[in-house]
């Protein structure tokens with residue numbers, strides 16, 4: 001908790017318990033860093049738009065090698081953005097949950113709104 005002896009005259013009437021704590025803010029920033037990479041962002045967006053796909057199909061769609069795609073999918077899975085399932089020798093990936101879809105939809109909508117030129 002932040003201790004303030006005097007409130008700034010323009011401070012909104014909220015308390016610091018309504019804000020993210022330092023650890024949560026750090027963790028959330030790390031997740032956004034993961035999505036700040038164009039290759040990972042294209043991979044996860046391909047999953048949002050295309051649904052479940054195997055590594056080879058994702059790699060072909062986003063234009064990277066299967067090895068690089070697999071490595072990035074692992075990172076996305078560990079961060080909770082993607083999930084995987086094995087079918088024989090192939091691994092299929094999809095978005096982890098609807099929150100990922102909503103997050104990207106809002107981000108893309110915001111981007112397109114600001115870049116309508």
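Taken together, the values in this text are just the output of simple stated rules run on the coordinates, not laboratory data. Remember, it's a predicted structure, so these values are computed and weren't measured experimentally. Every residue, glycine among them, receives a Cβ derived from its backbone with ideal geometry; neighbour counts consider all protein chains shown.
Principal-axis analysis of the Cα atoms of the chain puts helix 38-50 at an angle of about 70° to the longest axis. The distance separating the Cα centre of region 47-65 from that of region 95-117 comes to 19 Å.
Of 35, 104, 73, the residue with the greatest mean-square motion in the GNM of the chain, using alpha carbon springs below 10 Å, is 104. Extension gain for residue 112 to residue 68 (0.36 nm times residue separation, less C-alpha to C-alpha distance): 13.0 nm. Extending 7 Å from Cα along the Cβ direction at residue 87 and again at residue 22 yields two label points whose distance is 4.8 nm.
Here are some values of log10 I(q)/I(0) by the Debye sum over Cα atoms at q = 0.13, 0.20, 0.24 Å⁻¹: (1) -0.62, -1.07, -1.36; (2) -0.47, -0.99, -1.31; (3) -0.46, -1.13, -1.61. Which one was computed from this structure? Answer label, from the structure shown: (1).
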